[in-house]
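A quick write-up on the structure given underneath.
Readers should treat all values here as calculations from the given coordinates under stated rules, not as data from a laboratory. Note that the structure is predicted; figures quoted are calculated from it, not measured. Backbone-built Cβ (ideal geometry, glycine too); neighbour counts: all protein chains shown.
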Ligand code: ACO
């Protein structure tokens, strides 16, 4: 039974009232949001790396310009999200320090390598496709700054998903070698994308409390199912095969049923032991260190302005 402030808080949430930074909130609500929003911000920033890796090798000027814009969008998403986290009384420096020291999590998906150009198609199609399904409901989440940040993020993600699907569709309709490349990328990205939604609801540590607080409006499994049901027909449309021999459409429920998910692999990657975890963190830390002069120059400039005033 909730009492006092906590009860009044829950009643506001239940009535659909949005919580704003100046409102009273339970410390656990604040901490849950800092955790989720900062993990989300880190994911956007680390997520720039696997694709950034292909900007210089995009196969045409148009593909290059599109990929460049997409990767820049991801950087922007990270900045809106750090700003949303800051409204909860944490400092951006502390959040970034938690990422760089390996304490903070970011999405498992960005610890897989981008081996061919088709991987850029697979990421846009599958990873950004999954991100939209997870983020559309977050536009209505109970915390105002987070929900508002998600509106623009989702609009940009839908462009990202389209550009990825377009790459895959073109490769799948190309030469035999191009089609093989597209199929190989789908084979490698499918299961990690399915895992992105997080552990099954029964093992989700924060799921029930975050649902009560309307931070999460759907469970991990529901969103995962939505992604599968949306993506399977898209693969059919472009003539690619989902790498799951157990995949079948249940005519009664209308849902696609999949084979077992390798949760050991998921937990291994989340704990820091995926194919690229070390490389990703090292690249981030190096970029931060090499950018020190920009931060110093900005501070010096701000000081000068202040002294002049
Ligand atoms: N990668 C890494 N860690 C994960 C992942 C994942 N794909 N899924 C779950 N986890 C972690 C959780 O962070 C949590 O760890 P913690 O207690 O140390 O924070 C643990 O596994 C247990 O999971 P849940 O209890 O289910 O966690 P939660 O309720 O936070 O749900 C989810 C996880 C669905 C990812 C949620 O945090 C969320 O919706 N986040 C916002 C979206 C997001 O971060 N997207 C990033 C990828 S999309 C993109 O950047 C393009």
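Here the spin labels are modelled as points 7 Å beyond Cα on the Cα-Cβ line, and at residue 176 and residue 68 they lie 3.7 nm apart. Working from Cα pairs under 8 Å separated by at least six residues, relative contact order for the chain is 18 percent. Between residue 247 and residue 55, the C-beta separation translates, for a Förster distance of 30 Å, into a calculated FRET efficiency of about 0.35. Shape index of the stretch 99-234: Rg/Rh, with Rg the Cα radius of gyration and Rh the Kirkwood radius from the inverse mean 1/r over Cα pairs, equals 1.01. Peptides 23-30, 173-180, 222-229 ranked from most to least packed, by the mean per-residue count of other Cβ atoms within 10 Å: 222-229, 23-30, 173-180.
How far, in nm, would the chain grow between residue 28 and residue 279 when pulled straight, counting 0.36 nm per residue and subtracting the alpha carbon separation?
87.1 nm
Given R₀ = 35 Å, FRET efficiency for residue 261-residue 308 by Cβ-Cβ distance, to 0.05? After rounding to 0.05, the efficiency reads 0.05. Using a basic spin-label model with each label point 7 Å from the Cα along Cα→Cβ, how many nm lie between residue 290 and residue 103? So the label points at residue 290 and residue 103 sit 2.7 nm apart. When the label point is put 7 Å from the Cα of residue 20 along its Cα-to-beta-carbon vector, which residues of the stretch 141-176 have a backbone N closer than 16 Å? Output list for this probe position: 142-149.
Each principal axis of the Cα cloud of the stretch 194-255 was evaluated for its coordinate range; sorted largest first, these ranges are 41, 24, 19 Å. Classify the chain from the C-alpha gyration tensor, please: rounded if a/c falls under 1.5, else prolate or oblate depending on whether a/b exceeds b/c. Oblate, because a/c is 1.5 or more while a/b does not exceed b/c.
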